[in-house]
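Okay, structure first, notes after.
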Amino acid sequence: MNYDLNICLLSADEQQRRIERLRLDSPALICDNANLFYLTGRVFCGYLFLQPGEAPQYFVKRPSELKGDNITLIRKPEDIGLTCPALGLELGSLAYAQAMRLQAAFGATELIDISGNIMRSRSVKTLLEQQLLREDGIRHAGVYARIPGLFREGMTDIELQAEIERIDRLHGCLGQFRVNGTDMEIHMGNVITGLNADTPSPYDFAMGGAGLSPSLPVGASGEEIKPGQAVMVDMNGNFNGYMTDMTRTYACGTLPEKAVKAHQCSIDICHELASRGKPGADCKQLYETALNIAREAGFADCFMGHKYHAGFVGHGVGIQINELPVLAPRSKMVLTEGNVIAIEPKFVIEGVGAVGIENTYICTADGLECITNAPEELIQLL
């Protein structure tokens, strides 16, 4: 496979479209990997400098072989050699020491946080981004179709997850699970079953799990998958730098009636929110609709968790998980055409595990288009 050394892998029109959406009023320096990928189509070690009304400038440490217009090779930020009285930085993700160093290097008397500009821009996907996400959804569904054939009686949750990870990678998954936010980590996804599904995690994910170590306390814990238990699979869908988010639930043997009904309630919620999710729809109201459906079905006590209840039912996805918008009780956002959101109404049934589904949707002029089209019903492992 030939490695394209052009520093910007986006067309000129596509890059300009994304830069204009930032609505910058002052010079800005981009160095976060996710944002570099968004604005150039690649990750490199260095900086992208944006000056309103001027062509982008690239200050590159590595790889030094990159080619294109307006590239300057540097060893350190002090080599950039530009002066700006006010400088925009990604203060939401940048370490304080790095921000102070960049401020000094540019001689800036004022720092402007452009994190919100970037997240708002990234929340509305271009047609190219939507195409990449649709391609992800197809490949993601292909992985999930293989899952029942991976299960063997007596398996643990981590053994099943390892087999899914292998298939995922062979289907082209990049393996990286990019999460927006500095206090959340996960490796390729979450497979939980039985009592572990009721174990709270410090991370703000819909489902928890103890994990294998206190150093990464989320997900599979090594618990054996037993008859009568549900296995919830929420695995990585990153095949091209963009991420679809999809959850499906598998049954080991026969599940209790409560679990079966809760799973159907999750499907009903997804379908109802998809029918309401047109441009202009209030994200807070969509959350309340989901909660009301769960409450009327008698599952409010286990909606989005049991011991701990996640405070949302959906979130934006794209280059990262947990982008904007968020379907939450205090959200002030409305859906916009081009938003891509994951809706994940999930339930934890004591002693059985977690049930429910998660789908990724593109908000179009006609409503929400589901792009993770794997079967939604409970799927038997045994």
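The values are calculated or read from the model by the stated rules, or taken from the named source; none is laboratory data. Everything quoted here is computed from the prediction, not taken from an experiment. Note that each Cβ is placed from the backbone with ideal geometry, even for glycine, and that neighbours are counted across all protein chains shown.
What to note about this one:
- Checked against the criterion of being part of a helix (DSSP H, G or I) and either more than 30 Å from residue 16 (Cα to Cα) or out of contact with any Lys or Arg (no Cβ under 9 Å at 6 or more places or on another chain) (or both), the candidates 112, 167 yield just one match: 167.
- The residue that is surrounded by the most Cβ atoms within 10 Å (Cβ to Cβ), among those in the stretch 8-37 that are over 22 Å from the mean Cα position of the chain (by Cα) and of a type in the set (Gly, Ala, Ser), is 28.
- Candidate set from the stretch 221-232 (those that are of a type outside the set (Asp, Glu) and surrounded by fewer than 24 Cβ atoms within 10 Å (Cβ to Cβ)); member that is nearest to residue 322 (Cα to Cα): 221
- Just one of (1) farther than 24 Å from residue 14 by Cα; (2) of a type in the set (S, T, N, Q); (3) buried (at least 17 other Cβ atoms within 10 Å of the Cβ) fails for residue 109. It is (3).
- Residue list for the stretch 340-362, filter: assigned to a strand (DSSP E or B), buried (at least 24 other Cβ atoms within 10 Å of the Cβ), hydrophobic (A, V, I, L, M, F, W, C) and under 18 Å from the mean Cα position of the chain (by Cα): 340, 341, 342, 343
- The residue that is surrounded by the fewest Cβ atoms within 10 Å (Cβ to Cβ), among those in the stretch 62-82 that are without any contact (Cβ under 8 Å) to a residue 60 or more places away in the chain and of a type in the set (Val, Ile, Thr), is 72.
- Within the option set 376, 288, being more than 30 Å from residue 176 (Cβ to Cβ), of a type in the set (D, E, K, R) and either at pLDDT 95 or above or surrounded by 24 or more Cβ atoms within 10 Å (Cβ to Cβ) (or both) holds for one residue only, 288.
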